[in-house]
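Dumping the structure here so I can ask a few things about it.
The values are calculated or read from the model by the stated rules, or taken from the named source; none is laboratory data. Every value quoted in this text rests on a predicted model; they were computed, and no experiment measured them. Heads up, the Cβs are rebuilt from the backbone with ideal geometry, glycines too, and the neighbour counts pull from every protein chain shown. Ligands, DNA and RNA are stripped out before the accessible areas are found, and what is left, the full protein with its side chains, is counted by its heavy atoms. Shrake-Rupley method; radii C 1.70, N 1.55, O 1.52, S 1.80 Å.
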Amino acid sequence: MSASKPDLQKTLDDVKNLIDTAKPLLEKVTTLEENETLRVQFLGRKSKLTDILRTLKEFSDEDRVIIGSEANKIKTQLSEMVENNSVRLLKIKHNRISDKEKIDVTLPVYEPQIGHIHPVTQMQWKTEDIFQKMGFDIVYPYEIDDDYHNFTAVNLPEGHPARDNWDTFWTEDGQIAITHTSSMQNRILKEFKPPIRVIVPGRCFRHEATDARHEHTFTQVEGVYVDKNVTLNNMLATLKTFFSEFYEKEVEVKFTPDFFPFVEPGGMMSLTCILCDGKGCNVCKNTGWLEILGCGMIHPNVLKMGGIDSDVYSGFAWGFGLERLVMLKYNIEDIRHFYSGKFDFLKQF
Ligand code: DAH
């Protein structure tokens, strides 16, 4: 081995030592001057790295490739560190702020998200407004109530088979998470004197499987109207007025007989499909009508339990699900969106 032949391994070690020494120093740089001194020391014309690159010609072709690529890699790394340092330090110098407090003015502006009222609440307020203008008072229900008010007092005594229509959540001590806001009828009849006009908007709960049309928690608006000579026609006129206001367009209503223990006659009220204006679409199954609520003339038993003389007074009552109304207003296909907590859904209202 000739003494003058350069040593590949030693040169590679020198290159590695170079980066090991330079890196920690460059990471700690706090001034532009320091950065420049290190640049000259490690990358300048008189630097160790330049010395190494100068000896390249003494190596064999193969070794030259190995050392050349190692040395260039390190040159690039060190140059990048020096460059980054100088950009960072220049920014600090010109902003006249300390490194820790520096503000990155290129970041996007932070815009706080401002919340808004839930669509169902918005529509509950609209509903309350419309009925108030028509002379109705508003009563809110107890969310947990007793068997008597939820069932017995609306003509559903214990053991009545129709109780099964309301899948009920019971508390351990026999109370009920109200299945409908009809739970307030008895108190209203007792506490208000005819003429009675009251609506009861509130949350109801059903122990049932959920799907696009059913939720375990939903909002119902019960209506109670009692006076002398009240007829089914008064009810249809009241509800037609309400729905025309709610949907901000003229709607027609119709009554189809059905059974609810608390009313006689009882039925379903439909209105002209507000999506197709009664022409027929897939939401109204091409009938032009939407069955929207249960209603009827208050059963004499219910009036009696409320202390009202059914020979002198008559009245009507209804109950509708507010979510369903809102779904039709905005063409929402799944009731479960409302309480899913999905921001993207709620942001639209
Ligand atoms: N309470 C009924 C329900 O939850 C809705 C209802 C139907 C209320 C007919 C009424 C009525 O007042 O007359 O399904």
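Report every pair of residues separated by at least 6 positions or lying on different chains whose Cβ atoms are under 9 Å apart, first residue within region 113-129 and open to solvent by 80 Å² or more (accessible area, probe 1.4 Å), second assigned to a loop (DSSP other than H, G, I, E, B).
Q113/K347; H116/K347; H116/F349; W125/I117
Next question. Here is a list of conditions, (1) within 14 Å of the ligand (Cβ to nearest atom); (2) surrounded by fewer than 18 Cβ atoms within 10 Å (Cβ to Cβ); (3) modelled with pLDDT of 95 or more, and N150 meets all of them except one; can you say which number that is?
Of everything listed in (1) within 14 Å of the ligand (Cβ to nearest atom); (2) surrounded by fewer than 18 Cβ atoms within 10 Å (Cβ to Cβ); (3) modelled with pLDDT of 95 or more, N150 misses just condition (2).
Under 9 Å between Cβ atoms, which residue pairs at least 6 apart in sequence (or on different chains) link something in region 52-66 that is in contact (Cβ under 8 Å) with a residue 24 or more places away in the chain with a partner that is among the basic types (K, R) and assigned to a helix (DSSP H, G or I)?
Going by the 9 Å Cβ cut-off, the qualifying pairs are E58/R64.
Check whether at least one residue in region 231-242 is closer than 23 Å to R163 by Cβ and touching a residue at least 40 places away in the same chain (Cβ under 8 Å), and report yes or no.
No, region 231-242 contains no residue that is closer than 23 Å to R163 by Cβ and touching a residue at least 40 places away in the same chain (Cβ under 8 Å).
Can you report the number of residues in region 159-182 which are farther than 24 Å from G223 by Cα and either within 14 Å of the ligand (Cβ to nearest atom) or part of a loop (DSSP other than H, G, I, E, B) (or both)?
Number of matching residues: 5.
How many residues are of a type in the set (V, I, T) and within 16 Å of I335 (Cα to Cα) when one looks only at region 108-128?
Qualifying residue count, region 108-128: 2.
Same structure again: Can you tell me which residues in region 280-305 are under 15 Å from V224 (Cβ atoms) and part of a loop (DSSP other than H, G, I, E, B)?
Answer for region 280-305, where residues must be under 15 Å from V224 (Cβ atoms) and part of a loop (DSSP other than H, G, I, E, B): just H299.
Let me ask another. Since G296 meets every condition but one in (1) touching a residue at least 12 places away in the same chain (Cβ under 8 Å); (2) more than 30 Å from D146 (Cα to Cα); (3) not charged (D, E, K, R), which condition does it not meet?
(2)
Something else now. From L290, L346, L325, L303, which residue is farther than 21 Å from F218 by Cα and either open to solvent by less than 50 Å² (accessible area, probe 1.4 Å) or in contact with a helix residue (DSSP H, G or I) (Cβ under 9 Å, 6 or more places away or on another chain) (or both)?
Residue meeting the stated conditions: L303.
Just to verify a result, which residue in region 183-214, among those that are open to solvent by 20 Å² or more (accessible area, probe 1.4 Å) and within 13 Å of the ligand (Cβ to nearest atom), is nearest to W125 (Cα to Cα)?
R203
When you check F255 against the structure, is it more than 35 Å from the chain's Cα centre (by Cα) and either within 16 Å of the ligand (Cβ to nearest atom) or under 26 Å from D311 (Cβ atoms) (or both), yes or no?
Yes, satisfied.
Filter region 284-311 down to residues that are under 17 Å from V253 (Cβ atoms) and β-branched (V, I, T) and give me whichever is farthest from the ligand (Cβ to nearest atom).
Of everything passing the filter in region 284-311, T287 is farthest from the ligand (Cβ to nearest atom).
I'm told L90 meets every condition in (1) modelled with pLDDT of 95 or more; (2) farther than 30 Å from F262 by Cα except one. Can you identify the failing condition by its number?
Among (1) modelled with pLDDT of 95 or more; (2) farther than 30 Å from F262 by Cα, L90 violates only (1).
Looking only at region 237-247, decide whether some residue is within 30 Å of H118 (Cβ to Cβ), among the aromatic types (F, W, Y), touching a Cys at 6+ places or on another chain (Cβ under 9 Å) and outside any helix (DSSP H, G or I).
Within region 237-247 (the criterion being within 30 Å of H118 (Cβ to Cβ), among the aromatic types (F, W, Y), touching a Cys at 6+ places or on another chain (Cβ under 9 Å) and outside any helix (DSSP H, G or I)), the answer is no, since none of the residues qualifies.
Of the residues A177, A209, A162, which single one is at pLDDT 95 or above and hydrophobic (A, V, I, L, M, F, W, C)?
A177
Search region 13-39 for residues that are among the charged types (D, E, K, R) and pair each with any residue that is part of a helix (DSSP H, G or I) when their beta-carbon atoms are under 6 Å apart and the residues are at least 6 apart or on different chains.
Matching pairs, first to second residue: R39/V82.
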